[in-house]
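The block underneath contains the structure these notes are about, expressed in structure tokens.
The values are calculated or read from the model by the stated rules, or taken from the named source; none is laboratory data. Every value quoted in this text rests on a predicted model; they were computed, and no experiment measured them. All Cβ positions, glycine included, derive from the backbone under ideal geometry; neighbour counts span all protein chains shown. These area figures cover heavy atoms from the full protein model, side chains too; ligands, DNA and RNA do not enter into them. Shrake-Rupley method; radii C 1.70, N 1.55, O 1.52, S 1.80 Å.
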Amino acid sequence: MQLPRHTDTIKILQQSLLPGLADISEKVLAGLSISPSEGLLLFEKAELGFLGVLADVVRQRKNGDKAWFIRNFHIEPTNICVNRCRFCSFSHHFSNSKWELTVDDILAKVDEQEETVREIHITGAVHPKRDIEYYGELLKKIRSRRPGLHIKAYSAVELDYMIKKAGMDFTAGLKYLKDCGLDSVPGGGAEIFDETVREEICGMKTSSRDWLDIHRAAHVLGLPSNATMLYGHLETYAHRIDHLERLRRLQDETGGFNAFIPLKFHSYNNEMKDIPEVSVNEDMKMYAVSRIYLDNFPHLKAYWPALGRKMAQVSLSFGVDDMDGTINDSTRIYSLAGAEEQSPVMTVSGMKQLIEEAGRVPCERDSFYRPVL
Ligand code: V47
């Protein structure tokens, strides 16, 4: 339900706005999608406070006062990677050691988790010696160990490699993994879809077209997924809008995306370390424009291990309704890249407090955004 105060604020703001921005605000209030050029105008000309109010209208319309979170953990199976992405601080190319977990190591980590943990997120480097049978067997073992655990696994980049190596098409590969226990696909590897910038920052990895085709195939098979964007490096605002536009079109086609997750580039110890990280104002702008543009995505997620818990709390006023999860100190992708959260773990009470302090109602969810009662 849209609160009257937002409408009133926007009406007052409209009197002092550029005509283009006033038109955009009318569209958002009327529940209409904005165009790519309007999205660009928001990035280039709109004040942050104005963006926050508009994004809040969309957030409230979709999620009321709820802010979602889940009890989850990550498994990063290896840092040995066939790719060499210039922004990555996680792969063996940028650390002193190569490591890989055995299946038993992974199962031991699964066993360590409390019964109340609902979701495992598996993603990592693309190991040259692993194949789809290995990853399928891993899913089966986790499934038989913890039948109720939702398995969100393998980014489109990992899927692309294992499915092509098996000589399968995307649908056949995903169907095989689904039969082994895969429940959904995480949003990693999208980076930035513009082909020129993608070539510069991660030219070896999955093309934008294949990333989108993999998610399309997953959705058609009934596997929901998320989408990400790596922002704050070489891309322009026009590239960000192009990325959002490609996602919005696919979502119009399939309806299979749950959440969009903007990921701020962190520059420690990678080949792009000379690029300064963007400001927190820029982060909030990114969240707000994403919420306004992706009006067919049910959720906008602040991934707090990347953003930091304090700014994740602020992002709840810039369109965000999902705080990801408790994580249990199980990811290193961001801490190795210099994120503030060096050991990301959040208790349920800590999560609830963070959300309540922002004026929202904490709502524990399962992986399909059903409230856990
Ligand atoms: O694709 C890697 C990003 C992603 C850096 O689906 C970096 O719920 C910033 O996709 N600076 C993987 N970002 C993680 C991911 C994810 C995370 C949380 C939730 C979900 C979900 C998905 O991490 C990569 C890349 O875009 N990344 N290195 C870096 N230096």
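Keeping to the range 140-151, report how many residues are open to solvent by less than 10 Å² (accessible area, probe 1.4 Å) and either touching a residue at least 40 places away in the same chain (Cβ under 8 Å) or within 16 Å of the ligand (Cβ to nearest atom) (or both). So that I can check it myself, show each step before the final result.
Of the residues in the range 140-151, the ones open to solvent by less than 10 Å² (accessible area, probe 1.4 Å) are 142, 149, 151.
Filter once more, so that each one left must be either touching a residue at least 40 places away in the same chain (Cβ under 8 Å) or within 16 Å of the ligand (Cβ to nearest atom) (or both): 149, 151.
Total satisfying the criteria: 2.
Considering each residue of the range 246-258 in turn, none proves to be over 19 Å from residue 220 (Cβ atoms), within 18 Å of the chain's Cα centre (by Cα) and assigned by TED's automatic domain parsing to the domain that holds residue 306. Residue 295 satisfies every condition listed in (1) touching a strand residue (DSSP E or B) at 6+ places or on another chain (Cβ under 6 Å); (2) outside any helix (DSSP H, G or I) except (1). Please indicate, with yes or no, whether at least one residue in the range 174-196 is away from the ligand (no atom under 11 Å from the Cβ), touching a helix residue (DSSP H, G or I) at 6+ places or on another chain (Cβ under 6 Å), more than 19 Å from residue 301 (Cβ to Cβ) and of a type in the set (Val, Ile, Thr). Scanning the range 174-196, I find no residue that is away from the ligand (no atom under 11 Å from the Cβ), touching a helix residue (DSSP H, G or I) at 6+ places or on another chain (Cβ under 6 Å), more than 19 Å from residue 301 (Cβ to Cβ) and of a type in the set (Val, Ile, Thr), so the answer is no.
If you go through the range 314-328 one residue at a time, do you hit one that is more than 19 Å from residue 67 (Cα to Cα), crowded, with 17+ Cβ neighbours inside 10 Å and within 15 Å of the ligand (Cβ to nearest atom)?
Filtering the range 314-328 down to residues more than 19 Å from residue 67 (Cα to Cα) leaves 328.
So of that shortlist, the ones also crowded, with 17+ Cβ neighbours inside 10 Å come out as 328.
Checking the rest, the ones that are also within 15 Å of the ligand (Cβ to nearest atom) come to 328.
Yes, that holds for at least one residue.
Counting only residues that are over 29 Å from residue 146 (Cβ atoms) and away from the ligand (no atom under 11 Å from the Cβ), the range 69-97 holds 7 of them. Evaluate the range 282-299: report whether one residue or more is without any contact (Cβ under 8 Å) to a residue 40 or more places away in the chain, within 16 Å of the ligand (Cβ to nearest atom) and touching an Asp or Glu at 6+ places or on another chain (Cβ under 7 Å). Checked against the condition, which is being without any contact (Cβ under 8 Å) to a residue 40 or more places away in the chain, within 16 Å of the ligand (Cβ to nearest atom) and touching an Asp or Glu at 6+ places or on another chain (Cβ under 7 Å), the range 282-299 yields no hits at all.
Of the residues in the range 201-213, at least one is within 15 Å of the ligand (Cβ to nearest atom), among the aliphatic types (A, V, I, L, M), part of a helix (DSSP H, G or I) and touching a His at 6+ places or on another chain (Cβ under 9 Å).
Quick check: anything in the range 241-256 within 11 Å of the ligand (Cβ to nearest atom), touching a residue at least 40 places away in the same chain (Cβ under 8 Å) and either at negative phi or assigned to a loop (DSSP other than H, G, I, E, B) (or both)? Looking through the range 241-256, none of the residues is within 11 Å of the ligand (Cβ to nearest atom), touching a residue at least 40 places away in the same chain (Cβ under 8 Å) and either at negative phi or assigned to a loop (DSSP other than H, G, I, E, B) (or both).
Contact map, the range 76-93: first residue under 21 Å from residue 330 (Cα atoms) and not assigned by TED's automatic domain parsing to the domain that holds residue 275, second residue in a loop (DSSP other than H, G, I, E, B) and within 11 Å of the ligand (Cβ to nearest atom), Cβ cut-off under 8 Å, separation 6 or more or different chains; the map is empty. If the condition is being out of contact with any Leu (no Cβ under 9 Å at 6 or more places or on another chain) and open to solvent by less than 10 Å² (accessible area, probe 1.4 Å), then the range 214-225 contributes only 225.
Answer yes or no as to whether residue 118 is open to solvent by 20 Å² or more (accessible area, probe 1.4 Å), within 16 Å of the ligand (Cβ to nearest atom), touching a helix residue (DSSP H, G or I) at 6+ places or on another chain (Cβ under 8 Å) and basic (Lys, Arg). Walk me through how you get there before you give the answer.
Details: open to solvent by 20 Å² or more (accessible area, probe 1.4 Å): yes; within 16 Å of the ligand (Cβ to nearest atom): yes; touching a helix residue (DSSP H, G or I) at 6+ places or on another chain (Cβ under 8 Å): no; basic (Lys, Arg): yes.
No; evaluated as a whole, the condition is false for this residue.
If the condition is being open to solvent by 50 Å² or more (accessible area, probe 1.4 Å) and assigned to a helix (DSSP H, G or I), then the range 351-373 contributes 352, 353, 356, 357.
If you take the residues in the range 185-213 that are within 15 Å of residue 251 (Cβ to Cβ) and touching a residue at least 40 places away in the same chain (Cβ under 8 Å), which one is surrounded by the most Cβ atoms within 10 Å (Cβ to Cβ)? Let's see the steps before the verdict.
Residues of the range 185-213 within 15 Å of residue 251 (Cβ to Cβ): 185, 187, 190, 193, 211-213.
After this cut, where a residue has to be touching a residue at least 40 places away in the same chain (Cβ under 8 Å) as well, the list is 185, 187, 190, 193, 211, 213.
On the way: 185: 30, 187: 25, 190: 26, 193: 22, 211: 26, 213: 18.
Residue satisfying both the conditions and the ranking: 185.
Filter the range 137-173 for residues that are touching a helix residue (DSSP H, G or I) at 6+ places or on another chain (Cβ under 7 Å), hydroxyl-bearing (Ser, Thr, Tyr) and within 27 Å of residue 116 (Cβ to Cβ) and give the result. Correct list: 154 only. Residue 31 meets the conditions (1) over 21 Å from the mean Cα position of the chain (by Cα); (2) closer than 30 Å to residue 153 by Cβ; (3) part of a loop (DSSP other than H, G, I, E, B) in every case but one. The failed one is (2).
Taking the residues in the range 329-344 that are of a type in the set (S, T, N, Q) and more than 15 Å from residue 72 (Cβ to Cβ) as candidates, determine which candidate is least open to solvent (accessible area, probe 1.4 Å).
Initially, the range 329-344 is screened for residues of a type in the set (S, T, N, Q), giving 330-331, 335, 342-343.
Okay, now just the ones that are also more than 15 Å from residue 72 (Cβ to Cβ), so 335, 342-343.
Details: 335: 12, 342: 99, 343: 66 Å².
Checked the range 329-344; the qualifying residue least open to solvent (accessible area, probe 1.4 Å) is 335.
Assigned to a helix (DSSP H, G or I) and open to solvent by 30 Å² or more (accessible area, probe 1.4 Å): is that true of residue 13 in this structure? Judged against the criteria, residue 13 is a match.
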